[in-house]
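Trainee: I have a structure here, written as structure tokens, and I will follow up with some questions on it.
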Amino acid sequence: MRNLRLGISLIGISIFSILILDFLPGPWVNEMPFADSTFVYVVMGLVFYVAIYFLGSPSLKYFGLPRWHFKTGVGLLVGSFFVISEITGSDNVHLGAIISIRGVIFLLAVGFGEEMVSRGLVYGALEKFGNPSAIFISSLLFGLMHLNLYTGGDWDPWEAYWHVTSAFAFGLLACALMIITRSIWVAVIFHALCDWSIVFDKTSANLPGRQDWGVGFWEGVTVPFSNVSLYIGCALVLLWIDRGGVPVWVYRLALKWKLVKPEVQYLAN
């Protein structure tokens, strides 16, 4: 319970550190694009990184490199599908080499900071209550953290609902990737690349707060369902595979490619 209270307190600090960007009068770290946000996310990630080690969180077992296993390959394949879809579906505006590099560093900082909070600290603190609870609650809090983008008098509740719902489902998939690959760094990179449109899409089409008051109730409720169902479906499949629920033909293919050792006990459906 002490770790849980501390985790909640640190989540509050992290949300405040993100919110403060909305109230600062212009650049304060550097005039360079993305410098302010990159600085905040890196500091936030480092604070939680140190806290996770200090607390001896169970999530520390995911802080190494991905395990060498065919299940990792399955996870990377699924993650690559979403990353490629995100990149090819963006406008990919030309920003110049230097700004593009800064943009990628910013995306990595976002992935690092938010994954340290959600998958590193919160998931680790809740894992003792069972893996399903830890995955669900950490992903829910991850989704709610994105409400900071919808402040002010002109915010649209539909936009906020769509973003939070999609972020929650995305969090489930990121958590599943961490578990099946045994590495939080896979989730960090996956997170960063799936935010590609933040930097490389036309900003006018992606600014939070645009008004969608004309959306009907049923339409508003169901708008995110396609993305949400895809995220959740893939997450459940990855978790099922991680528990040993892999078809026999997949296991035999892995044996043929020498991705697993035949003497290792294996559950196959």
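Trainee: State yes or no: is THR165 on the phi < 0 side of the Ramachandran plot, buried (at least 24 other Cβ atoms within 10 Å of the Cβ) and among the polar types (S, T, N, Q)? Working first, answer last.
Mentor: On the way: on the phi < 0 side of the Ramachandran plot: yes; buried (at least 24 other Cβ atoms within 10 Å of the Cβ): no; among the polar types (S, T, N, Q): yes.
Answer is no for this residue.
Trainee: Go through ILE99, ILE137, ILE105 for me and flag whichever is free of Cβ contacts under 8 Å to residues at least 24 places away in the same chain, in a helix (DSSP H, G or I) and either farther than 21 Å from SER183 by Cα or of a type outside the set (Ser, Thr, Tyr) (or both). Write out each step before concluding.
Mentor: Working: ILE99 fails: free of Cβ contacts under 8 Å to residues at least 24 places away in the same chain; ILE105 fails: free of Cβ contacts under 8 Å to residues at least 24 places away in the same chain.
Step by step, each of ILE99, ILE137, ILE105 is checked, and only ILE137 is free of Cβ contacts under 8 Å to residues at least 24 places away in the same chain, in a helix (DSSP H, G or I) and either farther than 21 Å from SER183 by Cα or of a type outside the set (Ser, Thr, Tyr) (or both).
Trainee: Here's another thing I want to ask about it. If a residue must be among the small types (Gly, Ala, Ser), closer than 20 Å to ILE232 by Cα and touching a residue at least 60 places away in the same chain (Cβ under 8 Å), how many such residues does region 72-96 contain?
Mentor: Count: 3.
Trainee: Quick check, is LYS128 crowded, with 19+ Cβ neighbours inside 10 Å, in a helix (DSSP H, G or I), basic (Lys, Arg) and more than 16 Å from the chain's Cα centre (by Cα)? Break it down stepwise before answering.
Mentor: Working: crowded, with 19+ Cβ neighbours inside 10 Å: no; in a helix (DSSP H, G or I): yes; basic (Lys, Arg): yes; more than 16 Å from the chain's Cα centre (by Cα): yes.
Spelling it out, it is not the case that LYS128 is crowded, with 19+ Cβ neighbours inside 10 Å, in a helix (DSSP H, G or I), basic (Lys, Arg) and more than 16 Å from the chain's Cα centre (by Cα).
Trainee: Filter region 55-74 for residues that are modelled with pLDDT of 90 or more, over 30 Å from ARG252 (Cβ atoms) and in a helix (DSSP H, G or I) and give the result.
Mentor: Within region 55-74, PRO58, SER59, LEU60 qualify.
Trainee: Quick one: how many residues across region 70-110 are closer than 27 Å to TYR49 by Cβ and of a type in the set (Phe, Trp, Tyr)?
Mentor: The total comes to 2.
Trainee: If you go through region 199-214 one residue at a time, do you hit one that is in contact with a helix residue (DSSP H, G or I) (Cβ under 9 Å, 6 or more places away or on another chain), at pLDDT 75 or above and either assigned to a helix (DSSP H, G or I) or not small (Gly, Ala, Ser) (or both)?
Mentor: yes
Trainee: Which condition number in (1) surrounded by fewer than 17 Cβ atoms within 10 Å (Cβ to Cβ); (2) in a helix (DSSP H, G or I) is the one that GLY79 fails?
Mentor: Result: GLY79 fails condition (1) only.
Trainee: Looking at (1) in a loop (DSSP other than H, G, I, E, B); (2) modelled with pLDDT of 90 or more; (3) over 16 Å from ASP242 (Cβ atoms), find the lone condition where HIS94 falls short.
Mentor: So HIS94 meets the others, but not (2).
Trainee: To continue, here is another question. Within region 176-196, is there a residue that is modelled with pLDDT of 95 or more, outside any helix (DSSP H, G or I) and out of contact with any His (no Cβ under 7 Å at 6 or more places or on another chain)?
Mentor: yes
Trainee: Another question, if that's okay. Give the residues of region 50-76 that are surrounded by 16 or more Cβ atoms within 10 Å (Cβ to Cβ) and of a type in the set (A, V, I, L, M), sorted by residue number.
Mentor: Within region 50-76, ALA51, ILE52, LEU55, VAL74, LEU76 meet the criteria.
Trainee: Go through region 218-249 and count every residue that is surrounded by 15 or more Cβ atoms within 10 Å (Cβ to Cβ), modelled with pLDDT under 80 and under 21 Å from PRO66 (Cβ atoms). Lay out the reasoning, then the answer.
Mentor: So in region 218-249, the residues surrounded by 15 or more Cβ atoms within 10 Å (Cβ to Cβ) come out as 220, 223-224, 227-228, 230-232, 234-235, 237-239, 241-242, 246.
So of that shortlist, the ones also modelled with pLDDT under 80 come out as 220, 223, 246.
The next check asks that each one be under 21 Å from PRO66 (Cβ atoms); those that pass are 246.
Selection size over region 218-249: 1.
Trainee: Taking ASN131, is it of a type outside the set (Asp, Glu), at negative phi and at pLDDT below 90?
Mentor: Details: of a type outside the set (Asp, Glu): yes; at negative phi: yes; at pLDDT below 90: no.
Answer is no for this residue.
The values are calculated or read from the model by the stated rules, or taken from the named source; none is laboratory data. Treat the numbers as computed from the prediction; the structure is a model and nothing was measured. So basically every Cβ, Gly included, is an ideal-geometry build from the backbone, and we count neighbours across all protein chains shown.
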